[in-house]
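In what follows, a structure is listed as structure tokens, so that the remarks can point back to it.
The values are calculated or read from the model by the stated rules, or taken from the named source; none is laboratory data. In this text the structure is predicted, and so the values were computed from the model without any measurement. Ideal geometry is used to build each Cβ from the backbone, glycine not excepted, and the neighbour counts take in all protein chains shown. Areas reflect the complete protein model, heavy atoms only, side chains present, ligands, DNA and RNA absent. Shrake-Rupley method; radii C 1.70, N 1.55, O 1.52, S 1.80 Å.
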Amino acid sequence: MKQRGVTVWFTGLSGAGKTTISQAVAEALRSQGCSLEILDGDVVRQNLTKGLGFSKEDRDENIRRIGFVSHLLTRNGVIVLVSAISPYREIREEVRQRVGDFVEVYVNAPLEVCEGRDVKGLYRRARLGEIKGFTGIDDPYEPPLNPEVECRTDQEDLSQSVAKVLNTLSNLGYLSNQLVAIEN
Ligand code: ADP
């Protein structure tokens, strides 16, 4: 067995690097023949959770549905890479309990850095008041207290972040060591 099912949950501010790191991790795993799925917050909100907004209730429902699908896949041996801001600690913990095989990756860069990147132009719009309840600006982000991995994307490069995730998956027994050795 090359892999065991696991949900790898990337949480962090918009622009912190969740999508970038999860895609690079996916590429590395795919090249080794792993079976995986990506659940990206932006994509999920266009189908699975279409119609939900950004109130606390809707954000929690968004995460609960992603967690439900992650659980189904995980228990069937898939590596599930979730990238979603998921700003609230309590619902992340709820999903962790439900899924069981759950690795939390805190994708961390200071707000000023994320805002400076402004990948999608959303911070600018939030500052102009065109978007209300934007995480980090006028809505809270509750950082994980004990994430399995922390990627400081303002201090490390993408390959370092990817290596941290792969090494952790290996150390926790989700990947064979051989697989990670190739990545390093
Ligand atoms: P998120 O999915 O968290 O909203 P994105 O992955 O869409 O964030 O955007 C993160 C941006 O930060 C990208 O433009 C990416 O190239 C850049 N970036 C700079 N350094 C890093 C790093 N070490 N890891 C990930 N992304 C980085």
Starting from residues that are polar (S, T, N, Q) and within 12 Å of the ligand (Cβ to nearest atom), keep the ones in the stretch 80-136 and report whichever is surrounded by the most Cβ atoms within 10 Å (Cβ to Cβ). S83
Show the residue pairs meeting these rules: Cβ distance below 6 Å; 6+ apart or different chains; first residue within the stretch 2-13 and within 14 Å of the ligand (Cβ to nearest atom); second residue among the acidic types (D, E). W9/E104
Scanning the stretch 21-45 for residues that are within 12 Å of the ligand (Cβ to nearest atom) and surrounded by 19 or more Cβ atoms within 10 Å (Cβ to Cβ), the one farthest from S86 (Cα to Cα) turns out to be V25
So which residues in the stretch 56-108 are of a type in the set (G, A, S) and closer than 14 Å to S22 by Cβ, if there are any at all? S70, S83, A84, S86
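So that you can scan it fast, the table gives a plain yes or no per residue for (1) closer than 26 Å to L175 by Cα; (2) modelled with pLDDT under 95; (3) β-branched (V, I, T):
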{"residue": "A24", "(1), (2), (3)": "yes, no, no"}
{"residue": "K50", "(1), (2), (3)": "no, no, no"}
{"residue": "K56", "(1), (2), (3)": "no, no, no"}
{"residue": "V69", "(1), (2), (3)": "yes, no, yes"}
{"residue": "V82", "(1), (2), (3)": "yes, no, yes"}
{"residue": "K120", "(1), (2), (3)": "no, no, no"}
Can you name the residue in the stretch 46-67 that is in contact (Cβ under 8 Å) with a residue 12 or more places away in the chain and among the polar types (S, T, N, Q) and is also farthest from the ligand (Cβ to nearest atom) among such residues? S55
Across (1) open to solvent by 30 Å² or more (accessible area, probe 1.4 Å); (2) at pLDDT below 95; (3) under 29 Å from V69 (Cα atoms), I182 clears everything bar (3)
If a residue counts only when it is of a type in the set (S, T, N, Q), which helices (runs of 4 or more DSSP H) contained entirely in the stretch 40-155 have at least 2 such residues? 56-74
